[in-house]
Amino acid sequence: MAAVAPPDPRLAGPGTPGEADDPSDLKFPVAEAFARHAAASGVPLGRSGNPVPEAAVSATFDEIAPVYDRLNTLMTLGADAGWRRAAVAAAGLHPGDTAVDVATGTGKLAAALAERVGPFGRILAVDASRGMIDRGKAAFPDLVQLEFRQANGLRLPARDGEFDAATIAFGLRNLADFDAGFRELRRVVRPGGRVVCLELTVPQPRVWGHVFLAFFRRMAPLGGRFAGCSRAYAYLPASLDGFPGTEALTARMRAAGLEAVTVRRLGLGSVALHTGTVPVG
Ligand SMILES: C[S@@+](CC[C@H](N)C(=O)[O-])C[C@H]1O[C@@H](n2cnc3c(N)ncnc32)[C@H](O)[C@@H]1O
């Protein structure tokens, strides 16, 4: 299990969520934490990280784990499978290659990568939530090339340049520090290898963006209530508040040392697939 992080210093101050007695307590006022930091969305690069303490994030996903895949498919009307296929293609892997999938959840993207590299390749699937990892392990027992590990995406259990590619799907938004997340992804990929980030984004133009956000804010908690974990599902739409847009993420990936960064919008513009390459030499 990832170490329980000390309260995020950015939340310091009287009565702030960072002072919660138990940071894994799901009564932690998640929406308020994001609202407090939404002001940062006015700066060019958006928010720099997730203001919710890591332990509360993991506890949220532990609670969601049993219903996560079903609700995902329902809320995306099945489109998530196509987004994952696009991420696999972007990783540019071949049979026998290796990759790490960070914030792997129940391991669907990791399993798709494992199919791509075949039995002589290796995929390390990392997640901070025990509940998610246990589901993933149970779901893909036959993929010998797929290994699950519980770890923090900001401190990967991997050597420098160990993998041919690193992926993160709908996980970056959860990390305490987006730049540190990109640096860590880059660190574990060999020169010439790819870093792929699939993440929700606010669609353009602005009017459509507002419609999407309103829909997402209503649908995610509704779906969560239906599945019996409404508090946890309130976290998902709130985590988009102030999240960097596609240009800002591109800039952050470049700042992390990646080159040839490209972005492709999917899901009627509501999902962004960023791909960068680790420089050679
Ligand atoms: C929205 S889910 C995405 C899961 C999966 N990648 C997918 O595409 O369905 C976000 C995942 O990020 C994980 N996560 C959150 N913070 C993390 C961290 N600091 N390190 C590793 N995983 C983290 C959560 O436990 C959760 O499984």
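Across all directions, the shadow cast by the convex hull of the range 43-149 built on its C-alpha atoms averages 7.9 square nanometres.
Most tightly packed first, judged by the mean number of other beta-carbon atoms within 10 Å of their residues, the peptides 100-110, 136-146, 159-169 read 100-110, 159-169, 136-146.
The modelled label-to-label distance for the pair V144/A260, using points 7 Å beyond Cα in the direction of Cβ, is 3.3 nm. Could you work out the local net charge near R135, counting Lys and Arg as +1, Asp and Glu as -1, over the other residues with Cβ closer than 14 Å to its Cβ? With Lys, Arg at +1 and Asp, Glu at -1, the net is -1. Compactness of the range 104-154 is given as radius of gyration and Dmax, 10.0, 29 Å, from Cα positions.
The value for the range 101-209 of Rg(Cα) / (2.2 N^0.38 Å) is 1.10.
Determine, for each peptide in 63-75, 259-271, the mean count of other beta carbons within 10 angstrom over its residues, then list the peptides with the highest first.
The peptides rank, most packed first, as 63-75, 259-271.
Bear in mind these aren't lab numbers, they're just calculated from the coordinates by the rules spelled out. Remember, it's a predicted structure, so these values are computed and weren't measured experimentally. Using ideal geometry, Cβ is built from the backbone for each residue, glycine included, and neighbour counts are taken over all protein chains shown.
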